[in-house]
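J.: Please read through the structure below; I'll follow up with questions.
The values are calculated or read from the model by the stated rules, or taken from the named source; none is laboratory data. Please read these numbers as outputs of a predicted model, since none were measured by experiment. Heads up, the Cβs are rebuilt from the backbone with ideal geometry, glycines too, and the neighbour counts pull from every protein chain shown. Note: accessible area is taken over every heavy atom of the protein model, side chains too, but ligands, DNA and RNA are not part of it. Shrake-Rupley method; radii C 1.70, N 1.55, O 1.52, S 1.80 Å.
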Amino acid sequence: MDAHIYLAFRFHGNFYHSYRGDTPDELGFGKDIRIIRHILRTLDDLNARGIPVCGTWDFENYFSLQEIMPAHCPDIIEAMQRRARAGRDEFQLMSYNNGLVSAHTAREFEAAVRRGISNPQGSGLRDLFGEAFYPMVRPQEMMFTPVHLAMYPACGIHAISLFYSALPFNGFSNFIPPLSFTERYNPLTLAYPGIESTMTLMPCYNTGDLADHLTLRRWVTRMRRQQLQLNEPQDLLLLIDMDADDEFWVGFDVPFLKGRFSTVSGLRGLVENVADLDYLRFTTPGRYLDSHSPVNTIVIGQDTADGSFDGMSSWAEKWSNHQLWTLLERARLLELHTRRLAESGLTDAMETLLAESFEARLKLLSTTHFGMSAPVMNRVREQIAFDLANRALETAAQAFRLALTPAPAETISLLDFPRGVSTDLIRYEARPSAGLLRLPLGDSAPETFSLRHSDGNPIPCAVWNGELFFVDRFAPAERRDYVIESGQSPHPPQSPVKVSGDELQNEFLQLAFDRQGHLVSVTFDGQEFATEQFLVSGVTYSGKTYQVPAWEVLDSITVGVAGWIRQKGSLTLPGGHPINYEREILVAAGLPYIYVTMRVQYPQTPHVGYSKGKAERLGRTWDHRWREVMPCEIRPALAGDLRVWKHNYCDHVSTYSLDYGRFSKNIELDSVNNHVTHGWVAVSDGQRGLLAAQTAELLSGVAFCPLRTRRQGAVSRVWLNPFGSYWGRQYRYGTADTGLGNFLAVSMSASDHINPYAPSYNGKAQEFRLLLAPYAGDAPPENLCYDAEAFAYPYIAVGQVFDLSTRGTG
């Protein structure tokens, strides 16, 4: 049988945008309506002429198919249904909420996937398009995390499609050794070690890749030549995928290019450019997969996304991203607290409130509320997102208050809990953990404490500056009750915590500061984990990087179980604009962890250099001179074969290597953010590592810690930038043909998301707390991971002496 080249066009539909508003005009979803109507007319006209081109559509359900389209353009749904009944077009899953699916909990993920297929409102793809629905997912913004290999198939979805692109609107081309020619245009088996199930992966390409090949005909004829040179020529599928609202499908009125480059003539020009090729067949991805088996197996460890730097940057690194995610996380946490406290079962009122919170969370989890808009969010969209976040938090807080039983005035209780709601697919187990308990005190608390377990054993503790400090360990789901006695807490005979102006240590860690107050040494287990400066604070502004030159010590304090050094520093931007920093570096008895609390106040600089057209769409202006923010950059002494370990919201730990230079020209990476982080992320060099954890008590991010690699001689080193944003060179793409697509995307800013996110910090404040844990070996030890998860989602605190409002618990 002769080998053919198959061609499929897929249109990614979503009427709910981060860079446009909610009006039926060109500043809102009117653009979507205009372009999709054009696509449908073009497909109909081409079919009427005998050209059997097909359309493949992936649509988000709630905002578009359920809310906006029935009200403003029901004719589009009707035209799609007509084409589905005629056997022309195919429909594939995105997700019900066009969500950040790699950062969904198990219950959120299942709702987003199952409702996307079918739901009571009738907006599911199977509800609307029947047998034209094919069980393949084209995830919103190409988001994938390895545990999805177990979860999608359980929901009936067995295939996935991701960009294998040559420009920074990409899925996975930079993360694995280059695919062979046949593999680039055929299904693959996607696997991950330790996960039994697999999925079929179909690589796809975007309109930037079309520009890279100049014309579709040039691309297809080159494929044909290579195909015929194979020892055994095989069929190939070229799957072109792009947003359904992209002007590309209509075409561009560029007179000197018309007739020369079909790429500027829209969908009609693309089809007419290749329709006469006798070896070309039009199809859909599902039809091709039904008759073609995977040709190889690949493994992807990264959490993929088609944002800046081929990752999560676009949704994780704007200032508003952190604020929204913190509210979302506190709503999740309050649900878990409520379920733990209601041991005899939830009441109807609690169930109703938690259901309302869940629905608000599901809508909030739309990628539109977090990106890809750069450098700031659309003002209307951001306000809607905060409204949803506050609704999710408030309803969860009401449920928590119903479940909360006041403790007697002389007692307090702490409860451990499973850090997720289990489903049939994912089980969240409670685990043993230990940590520093740091609880805010209310007005009724005595000035000094003596704390005892309910069995009478004393607990060393300390009260300082309105907070109670003590260290304790918990069995899985354990409740620990304590008795409060007025008076000084008994201290250990010889506290292992020692603090001076230039040293801070406990029985595991020794920290040393230089004369300028910089932390220059971190010793753990006899090994040095710091470079010249372990923690660096600064920004890149107007082409220059500024760092805090010196830190002034405000306090050096030892209070029994804990000791810390508190410092302040500042730097000044051009024009006399100061950035003020305050940090607290703390160690506690019995714990091999460094706790860092940062507070940053960024100045308001004049808004200059912004695009007026983009500012109109976003409803706001900005100062383009802000390029990077590094509120607490960490520079560990890790070197060599660097590996990232990450814990996601479905309680799965996965890993990937940072050594892209083994198979590409990406020797140094200016920014890496392929690690969705439920609680923590760790980096190792095979012999030792450093784990960094965040806590929802203060600030939380979906992928809170971008990385940067630097080459020193033949050795790679890594920097971590929690709650900051890096900028620099986008990745280099070995899959490129002419390089034109990448040039247009980066050099000419053709992609809205290829811009720094630092302008979003202008005039804003930050406060966050980190747990930093050096360790021996490659993967972080299990007990360390459990402690980090307990730090991220703190124990439930019950007692009248606490001011719980600061923890989001009302």
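J.: Taking 0.36 nm per intervening residue step and subtracting the Cα-Cα distance, what contour gain separates Glu78 from Asp455 on full extension? Present the calculation step by step, with values, prior to reporting the outcome.
T.: Details: separation 377, 0.36 × 377 = 135.72 nm, distance 6.99 nm.
Using 0.36 nm per residue and subtracting the Cα-Cα distance, I get 128.7 nm.
J.: Next question. Placing unit charges on C-beta atoms (Lys and Arg positive, Asp and Glu negative, everything else neutral), compute the dipole magnitude of the stretch 91-193 about its Cα centre in debye, rounded to 20.
T.: With Lys and Arg at +1 and Asp and Glu at -1, about 40 debye.
J.: Using the crude model of +1 on Lys and Arg Cβ and -1 on Asp and Glu Cβ, and no other charge, please compute the dipole size for the stretch 563-695 relative to its Cα centre, in debye to 20. List each step's numbers first, then the result.
T.: On the way: 16 positive and 12 negative charges, 73 e Å.
Around 360 debye, computed over the stretch 563-695.
J.: Give, in nm to one decimal, the length gained when the segment between Arg515 and Glu351 is fully stretched (0.36 nm per residue of separation minus the Cα-Cα distance).
T.: 53.3 nm
J.: If I take every Cα pair under 8 Å that is 6 or more residues apart in the stretch 353-457, average their sequence separation and divide by the length, what percent do I get for the relative contact order?
T.: Relative CO of the stretch 353-457 lands at 23 percent.
J.: Now for a different question. Toward the positive end of the charge dipole of the chain, about the Cα centre and with charges on Cβ (Lys, Arg +1; Asp, Glu -1), which of Val718, Thr347, Pro406 goes farthest?
T.: Positive-end residue among those listed: Val718.
J.: Non-local amide H neighbours of Leu554 (under 5 Å, H modeled in plane, Pro and chain starts lacking H): which ones?
T.: For Leu554, the qualifying residues are Arg566, Gln567, Lys568.
J.: Using only Cα atoms, find the angle between the long axis of helix 319-341 and the longest principal axis of the chain, and express it within 0 to 90 degrees, rounded to the nearest 10.
T.: 70
J.: Can I ask one more? Using a basic spin-label model with each label point 7 Å from the Cα along Cα→Cβ, how many nm lie between Phe181 and Ser197?
T.: Inter-label distance under the simple model: 3.7 nm.
J.: Rounded to the nearest whole Å², what accessible area per residue is found for the stretch 675-802 with the 1.4 Å probe?
T.: 28
J.: Let me ask something additional. What is the spin-label model distance, in nm, from Thr411 to Gln229 if the labels are put 7 Å beyond Cα along the C-beta direction?
T.: With each label point 7 Å from Cα toward Cβ, the separation is 7.9 nm.
J.: Using a Förster radius of 30 Å, what is the FRET efficiency between Gln604 and Glu26 based on their Cβ-Cβ separation? Nearest 0.05, please.
T.: Once rounded, the FRET efficiency stands at 0.45.
J.: Using the Karplus curve 6.51 cos²θ - 1.76 cosθ + 1.60 with θ = phi - 60°, work out ³J(HN,Hα) for each residue of the stretch 286-303 in order, rounded to whole Hz, and write x for Gly and Pro.
T.: So the J values, rounded to whole Hz, are x, 5, 5, 5, 5, 10, 9, 8, x, 9, 6, 10, 10, 10, 10, x, 6, 7.
J.: In the neighborhood of Gln81, defined by Cβ-to-Cβ distances under 14 Å, what is the net charge if each Lys or Arg adds +1 and each Asp or Glu adds -1?
T.: Surrounding charge for Gln81 is -2.
J.: Using a Förster distance of 22 angstrom, determine the FRET efficiency expected from the C-beta separation of Asp555 and Lys764, and round it to 0.05.
T.: Numbers: r = 26 Å, r/R0 = 1.18.
E(calc), rounded to 0.05, equals 0.25.
J.: Would you mind checking which residues have amide H under 5 Å from Met136's amide H? H placed 1.01 Å from N; only 5 or more apart, or other chain.
T.: Residues meeting the amide H criterion: Leu93.
J.: Using 0.36 nm times the number of residues separating Ser422 and Ala639, minus their current alpha carbon distance, what extension gain do you get?
T.: Stretched fully, the Ser422-Ala639 segment lengthens by 74.3 nm.
J.: Percent relative contact order of the chain, based on C-alpha pairs within less than 8 angstrom and at least six residues apart? Can you show the working numbers first?
T.: Numbers: 1948 pairs, mean separation 117.8, N = 810.
With pairs under 8 Å counted, the relative contact order is 15 percent.
J.: For the stretch 625-665, what is the relative contact order in percent, using Cα pairs closer than 8 Å and at least 6 residues apart in sequence? Mind dumping the intermediate values first?
T.: Numbers: 23 pairs, mean separation 12.1, N = 41.
In percent, rounded to a whole number, it is 29.
J.: Once Lys and Arg get +1 and Asp and Glu get -1 on their Cβ, which of Asn119, Phe11, Gly99 lies farthest toward the positive end of the dipole of the stretch 8-139?
T.: The residue sitting farthest along the positive end of the dipole is Phe11.
J.: Helix-only mean residue ellipticity at 222 nm, the chain, DSSP H runs n ≥ 4 weighted -39,500 (n - 2.57), per residue, nearest 500. What is it?
T.: After summing the helix terms and dividing by the residues of the chain, the value is -7000 deg cm²/dmol.
J.: If you place +1 on the Cβ of every Lys and Arg, -1 on the Cβ of every Asp and Glu, and leave all else neutral, what size is the dipole of the stretch 407-484 about its Cα centre, to the nearest 20 Debye?
T.: Dipole size: approximately 260 debye.
J.: Going by alpha carbons, how many degrees (0 to 90, nearest 10) lie between the helix axis of 782-792 and the longest principal axis of the chain?
T.: 90
J.: Which whole-angstrom value gives the distance between the alpha carbon centres of the stretch 391-423 and the stretch 552-590?
T.: So the two Cα centres are separated by 32 Å.
J.: Ignoring ligands, DNA and RNA, what percent of the 1.4 Å accessible area of the chain is carbon and sulfur?
T.: 49
J.: Mind listing the phi-derived Karplus ³J(HN,Hα) values for the stretch 193-210, rounded to whole Hz, using 6.51, -1.76 and 1.60 with θ = phi - 60°, and x for any glycine or proline?
T.: These are the phi-based 3J(HN,Hα) values: x, x, 10, 5, 7, 10, 9, 7, 9, 10, x, 9, 9, 10, 5, x, 5, 4 Hz.
J.: Name the long-range amide H neighbours of Ser716: under 5 Å, sequence gap of 5 or more, or other chain; modelled H, no Pro or chain starts.
T.: HN-HN under 5 Å from Ser716: Gly640.
J.: Could you run the Karplus curve 6.51 cos²θ - 1.76 cosθ + 1.60 with θ = phi - 60° over the stretch 627-633 and give me ³J(HN,Hα) per residue in whole Hz, x for Gly and Pro?
T.: 10, 9, 10, 10, x, 7, 5
J.: Here's another thing I want to ask about it. At what distance in angstrom do the alpha carbon centres of the stretch 662-689 and the stretch 425-492 lie from each other?
T.: First find each Cα centre; the distance between them is then 36 Å.
J.: Of Ile384, Gly156, Asn666, whose Cα points farthest to the positive end of the dipole of the chain (charges on the beta-carbon: +1 Lys, Arg; -1 Asp, Glu; origin at the Cα centre)?
T.: The listed residue farthest towards the positive side: Asn666.
J.: 7 Å from Cα along Cα→Cβ at both Asp44 and Asp659: what's the point-to-point distance in nm?
T.: A separation of 5.8 nm, rounded to one decimal place.
J.: Using Cα centres only, tell me the gap between the stretch 35-81 and the stretch 299-318 in whole Å.
T.: Taking the Cα centre of each part, the stretch 35-81 and the stretch 299-318 sit 29 Å apart.
J.: Oh, and also: Taking the 0 to 90 degree range and rounding to the nearest ten, how far is the long axis of helix 216-228 tilted relative to the main principal axis of the chain, both from C-alpha atoms?
T.: It works out to around 90 degrees.
J.: So, for the stretch 78-143, what is the accessible surface per residue at a probe of 1.4 Å, expressed in square angstrom?
T.: Per residue, the stretch 78-143 has 30 Å² of solvent-accessible surface.
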